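In what follows, a structure is listed as structure tokens, so that the remarks can point back to it.
No value in this document is a laboratory result; all are computed from the given coordinates. Quantities reported herein were computed from a predicted structural model and do not represent experimental measurements. Heads up, the Cβs are rebuilt from the backbone with ideal geometry, glycines too, and the neighbour counts pull from every protein chain shown.
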Amino acid sequence: MARDPPFWRAGQGVVDAIAFRFGGAHGRAPLQRASDRSSGSDEPCSHPGNDGVTAVPGINAQTNRTERPLTIPTSSPDDQGVPDALLAALIKRLTTTTFGRPAESRWLGQVDSTNLIARAVARAGAPEGTLIVAEEQLAGRGRLGRRWQAPYGSSLLVSLLLRPPPTVSPALLPFVAAVAVAETLEQLFVLQPALKWPNDVQVGGRKLVGILAESDYIGDRLDAVVVGVGLNVNIAPDLLAPLAAPATSLLVELGRPVARVPLLATFLARWEQRYHALLAGESPLPAWRRRAPMLGAPVEVRPAEGPPWAGVALDVTASGALLVRDAGSTVRTVHAADVSVRGAGPRSTLHEENG
């Protein structure tokens, strides 16, 4: 039985209709692809850039398809109200001031991508803190355009809309999210997460969380950043075992299922605290470094273009770029590449597939 109406899988025309429904597409200039900017991190998405996030083409309400304006549902007919109940339960548990509280926040069933929806509502004028959660993604993406997949209802698949001021580097936002995830896991489960540059959270060398940040620009002005987080919660060991790359879930690590709503509420509180600290001038990088065992370790760097090369990961810059000393003892600054710790097994890509 289909879990949701086909509109969530209809593609760009539907995203245009979402923007039209929220009233933000008219009267605003179409978004433009920004040029590559300096960043700190390996680009967490398919378009290499310097700021650790991706500028994407504008979402425009004018479409060649015949689409009627659509109301964003809080759940699909076949969900039997479950996402509605989950969102209501989350709202009751929130201790945040903005994260998850805007009326535009949604907990949905089966969608293409929470980041895609969050960017659409951002383009339509939704406020900072708007949260999009889904039970399943059909076109979720990880780094470098890899597909991001998780069984229905097994994970936390969330995207958060941020509108940082010009004084804040968007390159640091994935680091803020990663530190907040790690602190949440430490607080609730006494786990010892390790952070892998720039956007993975691992436990025992296996990937537990992936982070994807995308930014939208109007001309040269940053309009919004959407940070997507995929946390594997109740994925069974038999679903993890066939994967070529090491991966894990909270169910595997703890030996018991975990309630997702209180977990998400705690994470959002930590995330908001870390975000407000960044706005106040506190970098997340010291906390990130303390949880990054890859610093000082031999790594292999696979850039989008050119041959791979080996070196030793030394540190991250103030803007989040990775410093690697190569075989010739030259310290190179890595802004966008796939970096893995040598001798640690295959690249950790929980339900990430090329394609």
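Tabulated data for the structure shown
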quantity	calculated
FRET efficiency, 1/(1 + (r/R0)^6) with R0 22 Å, evaluated for E128 and K92 via beta carbons	0.55
Among 328-339, 193-204, the order from most to least packed when residues are scored by Cβ within 10 Å on average	193-204, 328-339
Packing-based ranking, highest mean first, of 261-271, 162-172 given that Cβ atoms within 10 Å are counted	261-271, 162-172
Potential lengthening between E282 and F189 on full extension [0.36 nm per residue; Cα-Cα distance subtracted]	30.9 nm
FRET efficiency, A327 to D84 (Cβ-Cβ, R0 51 Å, nearest 0.05)	0.35
Sequence-distant residues sharing a close amide H with D223 (under 5 Å, placed H)	D216, Y217, I218
In Hz, Karplus ³J(HN,Hα) per residue of region 105-111 (6.51, -1.76, 1.60; θ = phi - 60°; x = Gly, Pro)	5, 9, 10, 10, x, 9, 9
Residues with amide H under 5 Å from that of R106, placed H, sequence gap 5 or more	L131, I132, V133
Nitroxide proxy distance, nm - points 7 Å out along Cα→Cβ at R342 and A310	0.3 nm
Long-range amide H partners of V339 with built H, under 5 Å	R302
Contour minus Cα-Cα distance for I218 and A103 (0.36 nm per residue)	39.0 nm
Mean Cβ count within 10 Å, highest first, over the residues of peptides 289-295, 116-122, 320-326, 90-96	116-122, 320-326, 289-295, 90-96
